[in-house]
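K.L.:
Here it is, the structure in full.
The values are calculated or read from the model by the stated rules, or taken from the named source; none is laboratory data. What you see is a predicted model; the values in this text were computed from it and never measured. FYI the Cβ positions are ideal-geometry reconstructions off the backbone, even for glycines, and counts take in every protein chain you see. Just the protein is used for accessible areas: all its heavy atoms, side chains included, with ligands, DNA and RNA removed. Shrake-Rupley method; radii C 1.70, N 1.55, O 1.52, S 1.80 Å.
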Amino acid sequence: MAENGSSGEKVVVITGASGGIGAAVARELGRRGHALVLAARNEDALRAVAAEAGGRVHVVRADVTKRADVERLRDEALAAFGRVDVWINNAGRGINRSVHELTDDDIDEMIAVNVKGPVYGAQAILPHFQERGTGHLINISSFLGRVPVATNRSVYSAAKAALNSLTANLRVDLAKSFPGIHVSTVMPGIVSTDFATNALGAGSGPPGIRPTGPMAPQTAEEVATQIADLVDAPKPELYTNPAHPAIARAYYADVGAFEEQAARGFAPPPQPQPAADA
Ligand SMILES: NC(=O)c1ccc[n+]([C@@H]2O[C@H](COP(=O)([O-])OP(=O)(O)OC[C@H]3O[C@@H](n4cnc5c(N)ncnc54)[C@H](OP(=O)(O)O)[C@@H]3O)[C@@H](O)[C@H]2O)c1
């Protein structure tokens, strides 16, 4: 841990902490002795997670699609603990619709929660980080923002791709004048949470993929351990699935060939048949 005082405790804000990955990160960071500010819309669920996380925890009801809520979250965090060391933009929502089915409302909702929310978070906390010359912003994106392989996630993948770009732009901007401020992009693959059932249009539209092998789902706890390690040792990007860097390289090496394979459902090539007996 280290960096902040002899205890090594960091003050960490987590949005979308009422369930799934955010709740698992809260439990893991609480176990490691960090102070937490947990935000989401469902306050009862947040309080339950806070009880599990233990230690010094403050709960804030906030909708990340509302800039005023995000600014209040920052103000309450500073009032509770006097500083923020790490801000994790984790709140997000998926969709289960192909491009040709999207409505204006679908697009607005995906951009509001997956793009505007993290930008509001970054803009709210950056002046504090800049004043201190230190801080760590972590944006929870998705592997789909790097490799858009699940067509039913359509504008969700597009929103996460936008988030990846904005996160990279911010990282390069800050590297020049504020080298003590870290900016990280986290790109999980499929994680076993309620994400799919909470997705807009869940239960309708094309079925989601449920890959096996190297693209198989991870648990929220596995991913939370990696994010907690990132809090302790910042780096620019994290693929939570160790198979994904090679898959991303294969995608960018030959997009056409990769898409052909994706269209076949990544089925293994047909096995040669044994020669018939004479
Ligand atoms: N699970 C996956 O397969 C997967 C894969 C790649 C990336 N991710 C990303 O990981 C992050 C967490 O996803 P998850 O799997 O934990 O999903 P989840 O189980 O559906 O949890 C989503 C969390 O976000 C919160 N949230 C949603 N809309 C919000 C809003 N407008 N304001 C504040 N909080 C909001 C929810 O809380 P309330 O409803 O209480 O507000 C909940 O705590 C998301 O950014 C997601 O895109 C997930």
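K.L.:
What are the pairs with Cβ atoms under 7 angstrom where one residue, in the stretch 31-59, is on the phi > 0 side of the Ramachandran plot and the other, located anywhere, is open to solvent by 30 Å² or more (accessible area, probe 1.4 Å) and in a helix (DSSP H, G or I)? Sequence gap at least six, or different chains.
P.N.:
From residues that are on the phi > 0 side of the Ramachandran plot, there are no pairs.
K.L.:
How about the stretch 137-236: which helices (runs of 4 or more DSSP H) wholly inside it have at least 2 residues that are closer than 23 Å to Val12 by Cα?
P.N.:
In the stretch 137-236, the matching helices (runs of 4 or more DSSP H) lie at 154-177, 220-232.
K.L.:
Another question, if that's okay. Checking Ala199 against (1) of a type outside the set (Asp, Glu); (2) within 25 Å of Pro234 (Cα to Cα); (3) open to solvent by less than 30 Å² (accessible area, probe 1.4 Å), which single condition isn't satisfied?
P.N.:
(2)
K.L.:
In addition: Only one of (1) open to solvent by less than 40 Å² (accessible area, probe 1.4 Å); (2) within 11 Å of the ligand (Cβ to nearest atom); (3) not charged (D, E, K, R) is not met by Gly133, so which one is it?
P.N.:
Failed condition: (2).
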